[in-house]
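Participant: The structure follows.
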Amino acid sequence: MNIQRAPTLLTSRPSVADDPRWARIATRDKSADGRFWYSVSTTGIYCRPSCPSRMANPKNVALHDTLASARATGFRPCRRCNPDGPSLECENAALIARACRLIEESEEEPSLEELAATVGRSPSYFHRVFKRSTGLTPKAYAAGHRARKVREGLETGTTVTEAMYDAGFNSSGRFYEKSTGMLGMTPTQYRAGGANEEIKFAVGQATLGAILVASSSKGVASILLGDDPDELVRDLQDRFPKARLIGMDREYEALIARVCGFVENPGIGLDLPLDVRGTAFQRRVWQALQEIPVGERVSYAQIARRIGAPNATRAVAGACAANTIAVAIPCHRVVRNDGALSGYAWGVERKRSLLDREAPRTA
């Protein structure tokens with residue numbers, strides 16, 4: 001008797017390439033780490049989504065919702081991405097935090113070799129990871145920390161000598177060589193809250209409203225925008241509480257006329273000496289802003305990449321917000337990734353107006 005079997009119905013398994021998670025593997029998306037894993041049958045390993053290894057053929061890949069599921073394949077963990085342990089990103093963040101603590105707790109600035117040896121990495125690798133994570137080189141970070149300690153010491157009333165040694169300077173010559181650059185004035189002046197420093201200023205009017213320009217002996221220290229001239233003057237007094245403010249000088253009025261003219265017609269340019277006061281990182285951001293051509297818009301992420309700190313987008317936004325020299329340091333030219341306008345210290349409407357004036361005109 002012939003027995004006929006029912007035909008077997010073949011069902012095709014959904015393709016991994018059609019799963020949205022595959023796109024995250026293809027782009028090595030670090031934010032997907034810990035959310036799922038994948039295994040590769042041809043190599044016998046399992047990985048995290050951000051694995052930097054050569055891309056596998058999706059036909060040979062299985063996706064796993066849990067680490068236990070990936071381990072159940074019997075495959076071994078990838079040695080490059082270490083799916084069983086912390087990601088490389090987390091490891092680097094931990095070692096950078098450790099290095100920062102060492103810099104901050106050391107009486108003298110540690111060398112690059114000492115820092116790298118402490119965290120168990122080569123000097124070149126450590127230098128590269130440190131700069132990518134913080135936006136600064138280890139040396140610049142140490143300099144910024146020392147400057148902060150000097151400022152804190154002077155502000156709490158300690159003597160200049162005490163502040164100098166507390167910040168790790170073992171030579172008065174080295175300290176005074178760097179102090180003015182760190183503080184924007186002599187240590188004695190800083191300790192006195194800018195006493196005896198002369199700040200010239202004047203207030204003008206433009207279609208954007210009131211414009212206050214203030215300068216030290218080094219250059220323009222502030223350009224402030226607003227609706228109320230008196231409020232701008234009070235803002236200036238708060239920024240330089242013990243400085244001697246000198247207003248309405250005839251020679252200085254010519255300078256504010258130049259600034260107002262530039263605001264009305266950005267194409268004429270504005271080449272002024274600036275007295276830029278900020279941290280090392282802020283200065284790098286502000287320098288990058290000054291290099292943005294009139295009529296061009298860039299994102300915070302683009303500025304971060306330009307200064308060699310692609311992961312420091314938020315810090316770049318913070319530096320833009322801390323800028324006190326409007327238009328001359330054109331933070332108004334920085335927008336969100338999608339082109340939308342973000343916040344502006346002097347009002348988003350002023351930012352929009354500045355950008356509109358700088359936009360290329362079509363015939």
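The values are calculated or read from the model by the stated rules, or taken from the named source; none is laboratory data. The model shown is predicted, which means the values in this text are computed figures rather than measured ones. Positions of Cβ are backbone-derived with ideal geometry, glycine not excepted, and every protein chain shown enters the neighbour counts.
Participant: State all residues of segment 314-350 that are among the acidic types (D, E) and assigned to a loop (DSSP other than H, G, I, E, B); if no residue qualifies, say none.
Facilitator: The one that is among the acidic types (D, E) and assigned to a loop (DSSP other than H, G, I, E, B): D338.
Participant: Find all pairs meeting these conditions: Cβ atoms under 7 angstrom apart; at least six residues apart or on different chains; first residue within segment 72-95 and over 22 Å from V119 (Cβ atoms); second residue of a type in the set (S, T, Y).
Facilitator: Every condition considered, the pairs that remain are T73/S39; T73/Y46; F75/S39; F75/Y46; P77/Y46; C78/Y46; C78/S53; P83/Y46.
Participant: Test each condition in (1) touching a residue at least 40 places away in the same chain (Cβ under 8 Å); (2) of a type in the set (D, E, K, R); (3) outside any helix (DSSP H, G or I) for E253 and report the one that comes out false.
Facilitator: It is condition (3) that E253 fails.
Participant: If you don't mind, there's one more thing I want to ask. Filter the helices (runs of 4 or more DSSP H) completely within segment 44-122 down to those with at least 1 residues that are under 28 Å from T27 (Cβ atoms).
Facilitator: By residue number, 67-71, 88-105.
Participant: Let me ask another. State the number of residues belonging to segment 206-235 that are outside any loop (DSSP other than H, G, I, E, B) and either among the small types (G, A, S) or over 17 Å from A328 (Cα atoms) (or both).
Facilitator: Final tally of qualifying residues: 15.
Participant: So R306 passes all but one of these: (1) buried (at least 17 other Cβ atoms within 10 Å of the Cβ); (2) among the basic types (K, R); (3) more than 24 Å from F130 (Cβ to Cβ). Which condition number does it fail?
Facilitator: For R306, the failing item is (3).
Participant: Let me ask something else. What are the residues in segment 217-256 that are modelled with pLDDT under 85, within 30 Å of D356 (Cβ to Cβ) and surrounded by 13 or more Cβ atoms within 10 Å (Cβ to Cβ), if any?
Facilitator: R239, Y252, E253, L255, I256
Participant: Still on this structure: Which residues, taken from segment 269-303, are surrounded by fewer than 17 Cβ atoms within 10 Å (Cβ to Cβ), acidic (D, E) and over 17 Å from the mean Cα position of the chain (by Cα)?
Facilitator: Listed by number, the residues that qualify are D271, E296.
Participant: Could you give me the residue pairs with C-beta distances under 7 Å whose first residue belongs to segment 347-360 and is in contact (Cβ under 8 Å) with a residue 40 or more places away in the chain and among the charged types (D, E, K, R), whose second residue is in a helix (DSSP H, G or I) and surrounded by 17 or more Cβ atoms within 10 Å (Cβ to Cβ) wherever it lies, and which are 6+ apart or on separate chains?
Facilitator: Every condition considered, the pairs that remain are R357/P266; E358/P266.
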